[in-house]
Each structure stands twice: as C-alpha cells, then as structure tokens.
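*Asks:* Take this structure first; my questions come after.
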Amino acid sequence: MFKLLKNLGKRETCFAVICIILVVAQVWLDLKMPDYMSEITVLVQTEDSQMSEILKNGGYMMACAFGSLIAAIFTGYFASNISSTFSMRVRKKIFNKVENLSMQEVKKFSTSSLITRTTNDVTQVEMLISMGLQLLIKAPITAVWAITKILNKSWQWSAITAVAIVILLSVIGMLIIIVMPRFKIVQKLIDKINGVTRENLTGIRVVRAYNAEKYQEDKFEEVNTKLTNQQLFNQKAFAIMQPVMYLVMYGLTLSIYFVGAYLIKDSLMVDKLTLFGDMVVFSSYAMQVIMSFLMLAMIFMMLPRAQVSAKRVNEVLDTDISIKDGSINTDTTDLRGTVEFRNVSFKYEDAEEYLLKNISFEAKKGETVAFIGSTGSGKSTLINLIPRFYDATDGEVLVDGVNVKEYTQEFLHNKIGYVPQKAVMFNGTVNSNVSYGDNGKGDITEEKVKEAIKVAQGKEFVEKMDNQYDTHIAQGGTNVSGGQKQRLAIARAIARDPEIYIFDDSFSALDYKTDSTLRKELKKYTKDATNIIVAQRIGTIMNADKIIVLDNGECVGIGTHKELLEKCEVYKQIALSQVTKEELENG
C-alpha cells in the first residue's frame, strides 16, 4: 500500500499536509465543545449565574461547531482531489506499463485481470485514500486527544472506557483476520466474471448460432454466484461491527452514569456539582473516543480489500520488462530492408522444449520471402521475433545488419509494416484506421491513405460506404467483413512506407481473385521493400523469391517453389493437399 502511495505528486502531498492541519483543527474544535458544555452545566446549577455567561458559552459552542463544519468541508474537498488525481496517475502508469510489456509478460496476466486491475482495483485504493484522509487521520488524533482529557477525571470512568476500547479492538482484529484472505478471492472472482462477460460478448454470434445461450448463462451464473456468496460472507462478517459498536457505545454511557451516580451520592455537597459537570464532560469525551474507533472500523472495513487491490496493482507495475530498449535510433549502415536470422532458437520462459530450433536465413531488399508449414510449426512466432514481440532465446535477429536488440523499439518499428493474423480495427473512421500510429516520417496524408487502400484492393468497397473514407468503423471492425478488415489492415501497413513488410497469414480471408490481384499490385508498389509473408495457401507464396518450409520448429527446406517441389517432401505434401499434381507442374 505504502509503495503505491509513492505515486502521489508534490501537489497532492501539499494537499495532504493541508488536510492533516484541517483535521487537527477540526478535532480541537470538536473536543473544545464539551468544555463549554461543562461550563454551561455548572452555570445552570449555580445560583446568581448570569444568562449572558450561559449565552456566551453557548455562542462559543456554536462557533466551534461551525468551524468544525467548515474544516470538514475543505478536508473532503482536498481529500477527493488527492484521491482522484492519484487514481488517474496510477491508471495511466498501469496502461503505459502494459503497453511496454512483451507478449510473454502480458500472458502472465489475463486480459480480464488487467482490466480489473486498471479499474476496480485502483478504485478500491482511491476510496481508501479519500476516506482515509478524513477518517484515518482524524480517528487516532481524536482518540488520543480525548483520552488525555479524561484520564485525570476518575480512574473508575477511565477503566470502564479502557474495557470498552479493548472489546472494540478485539472485534475489529478478529474480523480482519477472518475477512482479509477472502478479499483476495473476491478480486480474482471479479477477474473471472469480467473474463466470462468478455468472452460472451466477443463470441456472441457463435453463442447464438449454436443456441448456447443457456450454457453461457450457466457459466456466468456459476461465477456470479461464487462472487455473491463471497461478498455476502464478507458483508455479514462486517455487519457484526455496527451492533457491537452501538452496544459498547450505549453500554459505556450507561456505565459512566451508573458509576457517576454512586460517586455523586457518596461525595460532599460541595463536590457534587463538580462531579456532575465532570460526568457530563467525561461522557462526551468517551463518546468521542468510541466514535473514533467507529470511524477506524469503517476504514478497517475498506482496508483489507484496498490492500489486496494495491498488491495486485503493484504486481503489474513491478513486472520486469524483458524487452529492453537499445540505444540505436538512426541508420548506422548502408543496408536497407535486410532481415537476417543467424542460428535463431526460441522457447517460452516456462517451456522445456524449443519452439524454434536453429533457424538461419537472409531476406534482402526487394525480395519476397515466404514461410509455410503445418499448424503449430512456429511460423508466426518466427516473424514475431523481428519487431521484438518476443526476443530470441539463442542466436541473433538482424535488421539492416544490426541486432534488433540494439535498436530503440520506436526506431525498429518505424522500419516495419506489420499485418497480424487477426486484423485489428480501432474505433474511428476508415481514414483514422489506415493512417493509424506514428511512422516517424510525419503525418500520413489523405492522398496517401487513398493510395494505400487502392493498392490493398479496398477502394471499391470503401467508396460504396455512406461517408466513404470518413465512414465510422466500430471497435474490432464489427461493422465490416473479415476480408474488408484484412484489406484495411494491409492498407495501414502500406501507408507507412516501411522498409520491411510482414504479413502474418494476412490474405486468408480474401477470395482467390482478390488475393491474386492484391499481391500483383503489392509487388509493384513494394518493389524496393522486403516482403516477409506467412501463408497457408500455396497460391499466395508460389511466386516468392525464397520459400522457407518449417516443420516442428525446424527449417526443412529453403528455395523457390520449383526447387522445393523437387527436394522438399514436406513442401510437396502441403502443395499436393491444396492443388493437383497437374496444376503444380503447370504453375
């Protein structure tokens, strides 16, 4: 918790100091009122006392109450400002941290968990700070200050108050021990309920097509019931707190007056009035002490969950980033658009076996290098080593003759136009999706966007849309087809004018005619760039300058289409599974 509070800035720290000063003033004013009450009590019982004196002390009490109210209002204002600014800063840090994590590190947290940590967990800490600055500071100051004022009144009353405090602390301690571990379970269950909801919304079409609504409802109900039961247990446990508090508070008042009655009865007439006044004051201060612990109890109800949330937030912020930035941010060689793998092997951090084994090849400027292989052979993983979504376990990946680890990530990515397997569309327009990001060469003009869409064979369908290039694209591209999304994703890469194009099975949703036309236009447009293509279709890659065949993470063949048909059995089998022998020979 304290580690997370380091995210408070100088402005918030200054406001926190002001809050503490205001709280101290508020406590002083609250504890001053019983003194005036005692004065009024004595004046009322004293003969020949002046009404003006009673009114004066009453006026002081009103002034103290009003001053306490003003201090409380300003404390609330500053506390809200501090907590909201803090949560804004922490959410930003989490978001930026996640953006810098490698794919390997992101997989350690589920997507739903990262969403919960950025929203719900930060909110729990925010609420604690907001309430804490008002109650957590006020309660102990009030308790200690009030206790010092009542210690010299009567040891009997002090003993009764001490017993009440011990009872309260015991109840609070037991509840924290019981409930604290369960708040961790609650946050994990919120992760799960987010995950189930997200999965249902993402796959809503499949759910409806397969009449699986009942299955999804049952799945959600199971997690929802677990969360509800856990929350009910926690709330029931904390529900004990309030009746115990009021029982102790009213029992303490009754005990003070009961003991006071005996003390007054056995005292001399001269001391009776003083004892009565002391009893009224002591009762007021004792209530202040109990109310302080009641305020602490409210904080203790929030503290366990906030601590769990703070720990979960820190887990993200403390995650070591394995993909470290290099220092090179300018071209240091005359090579452009070359990609070379030198004895590259890769395995995931927690895996025993290598996914890629001893891969070596070179793609020169202007060449088209394609990768093919069975599902799970490591094609996508291999090309993901180029933009450093992962780092090679062994060997070197070089771009323009320089190890990719030596580049700054921004400079490296500006050399690359990347089209992933699953075309990603962002909430915005056609124009904003194609001109997305920073290519390090200035803004992408509307003319460039149109040209890129034309090359990607998207001009026809885009210009048929209501607002053409300003047509709204929904998040995830749900209002366009899979083929249209792929063409817009390809246009996004083209608009960057990169040295190296990476297409990760990016033509799979296109019909054969569009695929063929797009590749021809792309070949003309990118003749001075390097094209690296992962594909499942032989037709997509058969004209590539170099085809690399992967099988179980190993390179089993490198060459042209004709060369591989003659010497690579794996390639031949893949080819024959898609087209006839006659078509291959004629192709």
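The values are calculated or read from the model by the stated rules, or taken from the named source; none is laboratory data. Since we're looking at a predicted model, the values are computed, not measured. No Cβ is skipped: glycine too gets one built from the backbone with ideal geometry, and neighbour counts run over all protein chains shown.
*Asks:* Applying the selection to the range 339-381, what residues are part of a loop (DSSP other than H, G, I, E, B) and of a type in the set (Val, Ile, Thr)? Explain how you work it out, then say what you get.
*Replies:* Our first condition is that a residue be part of a loop (DSSP other than H, G, I, E, B); within the range 339-381, this holds for 347-355, 364-367, 374-378.
Selection gives Thr375 alone.
*Asks:* Then there is this: Considering the range 499-529 alone, what residues qualify as being closer than 21 Å to Gly378 by Cα and touching a Phe, Trp or Tyr at 6+ places or on another chain (Cβ under 7 Å)?
*Replies:* If the condition is that a residue be closer than 21 Å to Gly378 by Cα and touching a Phe, Trp or Tyr at 6+ places or on another chain (Cβ under 7 Å), then Ile502 is the only one that fits.
*Asks:* Across the range 93-112, what is the total count of residues that are assigned to a helix (DSSP H, G or I), within 22 Å of Lys188 (Cα to Cα) and either of a type outside the set (A, V, I, L, M, F, W, C) or not assigned by TED's automatic domain parsing to the domain that holds Lys311 (or both)?
*Replies:* Total meeting the criteria: 6.
*Asks:* Please work out which one of (1) at pLDDT 80 or above; (2) not in a helix (DSSP H, G or I) is the condition Lys450 fails and give its number.
*Replies:* The failed condition is (2).
*Asks:* List the residue pairs whose Cβ atoms are under 8 Å apart, where the first residue sits in the range 330-354 and is in the same structural domain as Ile548 (by TED's automatic domain parsing), the second is at pLDDT below 80 and not in a loop (DSSP other than H, G, I, E, B), and the two are 6 or more positions apart or on different chains.
*Replies:* From residues that are in the same structural domain as Ile548 (by TED's automatic domain parsing), the pairs are Tyr348/Gln104; Glu349/Gln104.
*Asks:* Another question, if that's okay. When residues of the range 61-89 are filtered for being within 26 Å of the chain's Cα centre (by Cα) and more than 16 Å from Gln124 (Cα to Cα), how many remain?
*Replies:* Total meeting the criteria: 1.
*Asks:* Just to be sure, is Ala489 surrounded by fewer than 16 Cβ atoms within 10 Å (Cβ to Cβ) and aliphatic (A, V, I, L, M)?
*Replies:* no
*Asks:* If you go through the range 535-548 one residue at a time, do you hit one that is touching a residue at least 24 places away in the same chain (Cβ under 8 Å), in contact with a Gly (Cβ under 7 Å, 6 or more places away or on another chain) and surrounded by fewer than 16 Cβ atoms within 10 Å (Cβ to Cβ)?
*Replies:* No, the range 535-548 contains no residue that is touching a residue at least 24 places away in the same chain (Cβ under 8 Å), in contact with a Gly (Cβ under 7 Å, 6 or more places away or on another chain) and surrounded by fewer than 16 Cβ atoms within 10 Å (Cβ to Cβ).
*Asks:* To continue, here is another question. Just checking, which of Ile178, Ile204 is more than 30 Å from Phe78 (Cβ to Cβ), surrounded by fewer than 18 Cβ atoms within 10 Å (Cβ to Cβ) and without any contact (Cβ under 8 Å) to a residue 12 or more places away in the chain?
*Replies:* After ruling out the rest, the residue left standing is Ile204.
*Asks:* Out of everything in the range 498-519 that is over 18 Å from Val534 (Cβ atoms) and surrounded by 17 or more Cβ atoms within 10 Å (Cβ to Cβ), what residue ends up being modelled with the highest pLDDT?
*Replies:* Among those residues, the one meeting the criterion is Glu499.
*Asks:* If we keep just the residues of the range 382-431 that are part of a strand (DSSP E or B) and over 21 Å from Thr530 (Cα atoms), which is nearest to the chain's Cα centre (by Cα)?
*Replies:* As a first pass, look at the range 382-431 and keep what is part of a strand (DSSP E or B): 394-399, 402-403, 407, 416-419, 428-429.
Within this subset, residues satisfying the condition of being over 21 Å from Thr530 (Cα atoms) are 394-395, 428-429.
Details: Asp394: 32, Gly395: 34, Gly428: 23, Thr429: 26 Å.
By that ranking, first place goes to Gly428.
*Asks:* Continuing with this model, one more query. Taking the residues in the range 304-328 that are in a loop (DSSP other than H, G, I, E, B) and surrounded by 15 or more Cβ atoms within 10 Å (Cβ to Cβ) as candidates, determine which candidate is nearest to the chain's Cα centre (by Cα). Please lay out each step first, then the result.
*Replies:* Narrowing the range 304-328 to residues in a loop (DSSP other than H, G, I, E, B): 318-327.
Keeping just the survivors that are surrounded by 15 or more Cβ atoms within 10 Å (Cβ to Cβ) gives 319, 323, 325-326.
Working: Thr319: 13, Ile323: 20, Asp325: 23, Gly326: 27 Å.
Checked the range 304-328; the qualifying residue nearest to the chain's Cα centre (by Cα) is Thr319.
*Asks:* When you look at Glu406, is it touching a residue at least 60 places away in the same chain (Cβ under 8 Å), among the acidic types (Asp, Glu) and touching a strand residue (DSSP E or B) at 6+ places or on another chain (Cβ under 8 Å), yes or no?
*Replies:* Yes, satisfied.
*Asks:* Condition first: more than 21 Å from Leu128 (Cβ to Cβ) and either modelled with pLDDT of 80 or more or part of a loop (DSSP other than H, G, I, E, B) (or both). Can you find one or more residues in the range 29-42 that meet it?
*Replies:* Yes - at least one qualifying residue is present in the range 29-42.
*Asks:* Right, here's the next one. Might you check whether a residue that is modelled with pLDDT under 80, of a type outside the set (Gly, Ala, Ser) and out of contact with any strand residue (DSSP E or B) (no Cβ under 7 Å at 6 or more places or on another chain) occurs anywhere in the range 80-94?
*Replies:* Within the range 80-94, not a single residue is modelled with pLDDT under 80, of a type outside the set (Gly, Ala, Ser) and out of contact with any strand residue (DSSP E or B) (no Cβ under 7 Å at 6 or more places or on another chain).
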